[in-house]
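Quick notes on the structure that follows.
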Amino acid sequence: MFAYWTSLRQDGRLPCRAQIDPWKLKKHLPNISLIDVIRGPDGQIGYRQRLAGTGLYLVYGREITGRALEEVYPDADADYWREQLHKVVAAGRPTVGRHTVTHRPGGACSIVWIRLPLASDGQNVDMILGFDTPVGASLGRYASGIRAA
């Protein structure tokens with residue numbers, strides 16, 4: 001994902017959503033998300049899941065497309081994601097991390113994630129490309145409620 005995103009950068013400008021070719025990401029589509037950056041008139045920034053791949057349903061335990069952070073996550077998790085997304089927007093640089101999703105049916109699931117900035121004008125982040133992948137156990141084990149050792 002990072003290599004693909006990097007290949008879209010030109011002259012130090014951030015790539016935009018229109019440059020992304022889903023065919024080139026075909027095998028990753030189930031775990032991809034697009035997150036809208038919503039700037040309010042008061043300067044506040046919010047985030048909404050524009051798109052969440054089908055594999056993310058298993059990670060998060062429900063459909064998250066079209067939902068704001070506050071609608072998807074409990075308060076502490078929403079604060080965590082808000083902080084991570086704010087970093088991407090402020091710096092215009094990718095962010096990567098590991099997080100445990102605890103609020104899902106079937107038990108907790110650890111994910112490794114990357115968030116990549118997108119900008120329609122090449123400079124001001126207005127969307128974020130995300131990729132989440134589970135680590136430490138298969139989703140099948142989590143989905144059935146059996147936790148891997």
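Is there any pair with a first residue in segment 53-67 that is in contact (Cβ under 8 Å) with a residue 12 or more places away in the chain and within 15 Å of CYS109 (Cβ to Cβ) and a second that is acidic (Asp, Glu) and not in a loop (DSSP other than H, G, I, E, B) whose Cβ atoms are under 6 Å apart and which are 6 or more apart or on different chains, and what are they?
Final answer for the pair search is VAL59/ASP132.
If we scan segment 12-32, do we find a residue that is assigned to a strand (DSSP E or B) and either under 13 Å from LEU116 (Cβ atoms) or among the β-branched types (Val, Ile, Thr) (or both)?
So in segment 12-32, the residues assigned to a strand (DSSP E or B) come out as 13, 32.
When the remaining residues are screened for being either under 13 Å from LEU116 (Cβ atoms) or among the β-branched types (Val, Ile, Thr) (or both), the result is 32.
Checking segment 12-32: at least one residue is assigned to a strand (DSSP E or B) and either under 13 Å from LEU116 (Cβ atoms) or among the β-branched types (Val, Ile, Thr) (or both).
Between a residue in segment 88-102 that is of a type in the set (Ser, Thr, Tyr) and any residue that is at pLDDT 95 or above, which pairs come within a Cβ distance under 6 Å, given they are 6 or more apart or on different chains?
Pairs that qualify, where the first residue is of a type in the set (Ser, Thr, Tyr) and the partner is at pLDDT 95 or above, are THR95/GLN84; THR95/LYS87; THR95/VAL88; THR95/ARG115.
Has segment 90-99 got at least one residue that is farther than 25 Å from SER7 by Cβ and surrounded by 14 or more Cβ atoms within 10 Å (Cβ to Cβ)?
Yes, that holds for at least one residue.
Across segment 67-86, which residue is surrounded by the most Cβ atoms within 10 Å (Cβ to Cβ) among those that are part of a helix (DSSP H, G or I) and of a type in the set (A, V, I, L, M, F, W, C)? Please lay out each step first, then the result.
The first filter runs over segment 67-86 and keeps only residues part of a helix (DSSP H, G or I), leaving 69-72, 75-86.
Restricting the remaining residues to those that are of a type in the set (A, V, I, L, M, F, W, C) gives 69, 72, 76, 78, 81, 85.
On the way: LEU69: 19, VAL72: 20, ALA76: 9, ALA78: 16, TRP81: 18, LEU85: 22.
Only one residue tops the list, namely LEU85.
Given the conditions (1) over 21 Å from ALA119 (Cα atoms); (2) at pLDDT 85 or above, report the number of the one that ARG62 does not fulfil.
The number of the failed condition is (2).
How many residues are loosely packed, with under 11 Cβ neighbours inside 10 Å and either among the aromatic types (Phe, Trp, Tyr) or touching a Phe, Trp or Tyr at 6+ places or on another chain (Cβ under 7 Å) (or both) if we restrict to segment 4-27? Write out each step before concluding.
First, pick out the residues of segment 4-27 that are loosely packed, with under 11 Cβ neighbours inside 10 Å: 10-12, 18, 21-23, 26-27.
Okay, now just the ones that are also either among the aromatic types (Phe, Trp, Tyr) or touching a Phe, Trp or Tyr at 6+ places or on another chain (Cβ under 7 Å) (or both), so 23.
Qualifying residue count, segment 4-27: 1.
Among the residues of segment 2-23, are any in contact with a strand residue (DSSP E or B) (Cβ under 6 Å, 6 or more places away or on another chain) and at pLDDT below 95?
No, segment 2-23 has no match at all.
The values are calculated or read from the model by the stated rules, or taken from the named source; none is laboratory data. Owing to the predicted nature of the structure, the values given are computational and were not obtained by experimental measurement. Every residue, glycine as well, gets a Cβ built from its backbone with ideal geometry; the counts of neighbours run over all protein chains shown.
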